[in-house]
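Values in this text are rule-based calculations from the coordinates and carry no lab data. As the structure is a prediction and not an experimental result, all values here were calculated from the model. When we count neighbours, we look across all protein chains shown, and the Cβ atoms used for this are built from the backbone with ideal geometry, even at glycine.
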Amino acid sequence: MSMLDEDPTPGGTLILRTLAMPADTNPNGDVFAGWLMSQMDLAGGIYAQEKARGRVTTVAVGSMVFLRPVPVGATISCYAEEVEVGRSSIRTLVEVWLSDPKSGLTEKVTEGEFVFVAIDDNGRTRPI
């Protein structure tokens, strides 16, 4: 599923949930995009590691779109799904949805594609 789809429900598998804390904010008081991207990378990495049955590393991030700011106190949920599997790589789509306890609002705030490569214990590419 992509940003252009109108489905109001998360796509993929729930991989990670966490709470946006004051230490994660930018100077405007919203959650810093870099922190949000790191949560997405963690979720995508967990998903890819399970699919690859072993160690993976992030090699590319693309198509990031931020739809709205994330307020402090919101619970964010990262969902991941497989887009493509190559000989040694896995391209995943990671969506982030927030739940705001103050408003009861649940909505998608961002998504991005992450590419991971399976590696062995020496850090060399291996087949999946």
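Observations, loosely collected:
- Top positive-direction residue, dipole computed over the chain with Cβ charges, set Val85, Gly34, Gly73: Val85
- Amide H contacts under 5 Å for Ile119, placed H, 5+ residues apart: Arg55, Val56, Thr57, Arg126
- Check: the chain dipole with +1 on Lys, Arg Cβ and -1 on Asp, Glu Cβ, in debye: 440
- For the stretch 76-116, size of Cβ-based charge dipole, Lys and Arg +1, Asp and Glu -1, in debye: 100
- Bins of 10 Å, starting at 0 and running to the largest distance - Cα pair percent for the chain: 14, 43, 30, 12, 2
- Helix 33-52 axis, angle to the chain major axis (alpha carbon atoms, nearest 10°): 40
- Gaussian network model of the chain, springs between alpha carbon atoms under 10 Å - residue of Leu105, Leu14, Leu67 with greatest fluctuation: Leu105
- Amide H partners (placed H, <5 Å) of Met64, local residues excluded: Glu113
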